[in-house]
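*Asks:* The structure's right below; bear with me while I get my questions together.
FYI, it's all coordinate maths here, none of it is from the lab. These numbers come from a predicted model, not from an experiment. Neighbour counts run over all protein chains shown; Cβ positions are idealised from the backbone, glycine included.
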Amino acid sequence: MAEASPPNSAGGRGGAPRRRALSQKAFAFAVIGVLNTAVDYAVFLAARAAFMHSPQALAAFAWLAGVCRCGAPDTVLLIAANVTSWIVAVSGSYVLNSSITFAAESGRQLRWRDYAAFVVSGIAGLIANTATLIVAAQILLLPVWLAKALAVLASFVVNFTLSHFVVFRTRRASEPGGST
């Protein structure tokens with residue numbers, strides 16, 4: 001029979017309950033992330049297919065690739081589909097995380113300012129996601145579906161960290177939006 005661990009005495013501040021709360025938040029964030037990943041993935045594949053079958057989109061991507069010298073039209077198409085799916089997914093993620101994962105911090109209130117902060121912080125996740133997608137699909141030559149899956153994993157850590165420490169941090173009473 002295993003002995004119970006002694007209480008955490010690090011500064012007498014109850015490190016174990018904090019770690020447990022953080023773990024529960026990370027778990028809720030991950031579950032919501034799985035749902036949003038399904039949305040992101042479905043919208044990505046639909047947008048990619050729509051762009052691939054649109055002569056106007058293909059012409060626009062070829063023109064943009066030539067102007068910015070940022071890769072082949074296929075690269076621009078992947079980026080456009082990824083950004084499209086990200087916009088849809090980040091909106092759903094904000095609503096769910098405000099209501100569930102960070103309910104205590106947000107008061108279950110949707111605020112434009114918090115949404116804007118969530119979107120801006122999510123741009124770092126989008127950059128990690130897009131960079132991973134391009135590297136995996138075009139350098140490692142993995143199938144696009146697998147490259148997208150790896151991209152989602154790469155952005156999870158960035159998104160959770162910024163959400164926890166920046167967007168939904170516990171505010172002091174003296175801060176705007178803090179408790180009074």
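*Asks:* Can you compute the equivalent ellipsoid semi-axes for region 9-70, i.e. the square root of 5 times each eigenvalue of the Cα gyration tensor, sorted largest first and rounded to whole Å?
*Replies:* Calculated on Cα positions only, the semi-axes equal 47, 17, 4 Å.
*Asks:* Just to be sure I understand the curve: with the Debye formula and one point per C-alpha of region 26-167, what is log10 I(q)/I(0) at q = 0.13 Å⁻¹?
*Replies:* These q points yield log10 I(q)/I(0) values of -0.58.
*Asks:* Would you give the gap between the C-alpha center of region 45-65 and the C-alpha center of region 69-106, rounded to a whole Å?
*Replies:* If you average the Cα positions of each part, the centres end up 19 Å apart.
*Asks:* So, one more: May I ask for the longest run of the chain untouched by trypsin sites (Lys or Arg not before Pro) that are loop-located per DSSP and have at most 10 neighbouring C-beta atoms (other than their own) within 10 Å?
*Replies:* 70-171
*Asks:* Multiply the residue gap between Gln56 and Ser99 by 0.36 nm, knock off their C-alpha separation, and tell me the result in nm, one decimal place.
*Replies:* Working it through step by step, the gained length comes to 11.5 nm.
*Asks:* Just Gly15, Gly125, Gly33 to compare: in a GNM of the chain, with alpha carbon springs under 10 Å, which one fluctuates most?
*Replies:* Greatest mean-square fluctuation among the candidates belongs to Gly15.
*Asks:* With +1 assigned to the C-beta of every Lys and Arg and -1 to the C-beta of every Asp and Glu, and no other charges, what is the dipole magnitude of region 26-167 about the Cα centre in debye, to the nearest 20?
*Replies:* Numbers: 6 positive and 4 negative charges, 22 e Å.
Roughly 100 debye for region 26-167.
*Asks:* I would also like to ask the following. Putting +1 on Lys and Arg Cβ atoms and -1 on Asp and Glu Cβ atoms, find which of Ser163, Ala46, Thr84 reaches farthest to the positive end of the dipole of the chain.
*Replies:* Going by the charge dipole, the pick is Ser163.
*Asks:* Using 1/(1 + (r/R0)^6) with R0 = 35 angstrom and r between the beta carbons of Arg108 and Ala38, what's the FRET efficiency to the nearest 0.05?
*Replies:* Calculated transfer efficiency: 0.90.
*Asks:* Right, another one. What translational diffusion coefficient, to the nearest whole µm²/s, does region 105-155 have by Stokes-Einstein, given a Kirkwood radius computed over alpha-carbon pairs, a temperature of 25 °C and 0.890 mPa s viscosity?
*Replies:* Answer from the Stokes-Einstein relation: 202 µm²/s.
*Asks:* Next question, about the same structure. Multiply the residue gap between Asp74 and Leu153 by 0.36 nm, knock off their C-alpha separation, and tell me the result in nm, one decimal place.
*Replies:* Numbers: separation 79, 0.36 × 79 = 28.44 nm, distance 2.25 nm.
Going from the current span to full extension adds 26.2 nm.
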